[in-house]
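This report concerns only the one structure given below.
The values are calculated or read from the model by the stated rules, or taken from the named source; none is laboratory data. Just so you know, these numbers come straight off a predicted model, no measurement behind them. Cβ placement follows ideal geometry from the backbone for every residue including glycine, while neighbour counts extend to all protein chains displayed.
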Amino acid sequence: MRYHHINTSLIFFLMLMLCACEEQDVPEEKADDSDWIRLEIPEADEAYAVFGDIDHTLAVTTVGKAYYSTDRGKTWQMSRDFQGVVYGLHYVDDTLFALHASGRNNLGDATASLPQHYSLDSGKVWHNYKGLRQYDLRVVVSVDTTSNGDIYKLEEHIADNGYVNPSEVLKIKSTGPTTLDFPPRHNLHSLYLDASNRLYIAASGDRHNPEDNTLFCCYDALVYVSRQPSP
């Protein structure tokens with residue numbers, strides 16, 4: 001019977017066409033725009049914490065690993081496989097701590113705590129930590145303040161059905177809050193200001209579906225860097 005002898009090449013071609021159509025349903029965003037630099041860590045899913053400087057050494061933690069770049073994010077070196085999420089990076093007394101626990105403060109801001117590893121070279125090499133700070137170090141990762149007092153804050157959005165909608169970034173000045181012009185649509189995990197007041201945003205590598213404002217997780221871990229200080 002003829003229907004048993006299906007042309008396998010034709011099936012393969014049709015499957016490729018179907019996949020291409022499905023991918024086009026959710027358009028890709030452009031890599032960079034005039035205000036933001038987009039850095040990608042391939043196949044790392046989600047970026048959780050950022051520390052350093054894009055012009056020197058930039059450290060990033062993802063779902064289970066830590067990476068660093070010394071060439072403005074063109075290439076990434078894995079510095080440690082933590083086998084678990086590091087929710088925050090905090091620098092104190094010439095030491096960078098990796099914070100392994102997440103939580104909320106009484107204002108609802110995302111926090112990170114429980115340092116279990118430390119680095120003395122801005123995240124290139126990590127060591128186990130069992131010092132006194134293991135129990136008292138807790139930092140807010142969704143809020144940071146510039147040297148002139150402007151505050152940046154992540155605003156999460158979760159629908160009634162539990163779906164995660166794209167986050168927003170608020171800029172709070174003495175005159176009140178405004179929503180930052182940040183075109184990428186992602187679930188944002190943390191933000192960080194460097195010494196020059198450039199803003200870094202750690203994001204999930206998800207893709208946005210504008211039809212229902214939902215996100216599909218995840219691809220490459222993403223970090224966005226403002227081209228100008230205090231955007």
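Here the range 145-158 is the region considered, the condition is being over 15 Å from the mean Cα position of the chain (by Cα) and at pLDDT 70 or above, and the residue that is nearest to Gln228 (Cα to Cα) is Thr146. All conditions in (1) at pLDDT below 90; (2) in a loop (DSSP other than H, G, I, E, B); (3) surrounded by 15 or more Cβ atoms within 10 Å (Cβ to Cβ) hold for Asn161, with the sole exception of (3). Here Pro177 passes the criteria (1) free of Cβ contacts under 8 Å to residues at least 40 places away in the same chain; (2) in a loop (DSSP other than H, G, I, E, B) except the one numbered (2).
Scanning the range 90-119 for residues that are touching a helix residue (DSSP H, G or I) at 6+ places or on another chain (Cβ under 8 Å) and surrounded by 18 or more Cβ atoms within 10 Å (Cβ to Cβ) yields Phe97, Leu114, Pro115.
Every test in (1) touching an Asp or Glu at 6+ places or on another chain (Cβ under 9 Å); (2) at pLDDT 80 or above; (3) not hydroxyl-bearing (Ser, Thr, Tyr) is passed by Val139 save one, and that test is (1). The set of residues from the range 68-89 being touching a residue at least 40 places away in the same chain (Cβ under 8 Å), crowded, with 20+ Cβ neighbours inside 10 Å and out of contact with any Lys or Arg (no Cβ under 8 Å at 6 or more places or on another chain) comprises Tyr87, Gly88, Leu89.
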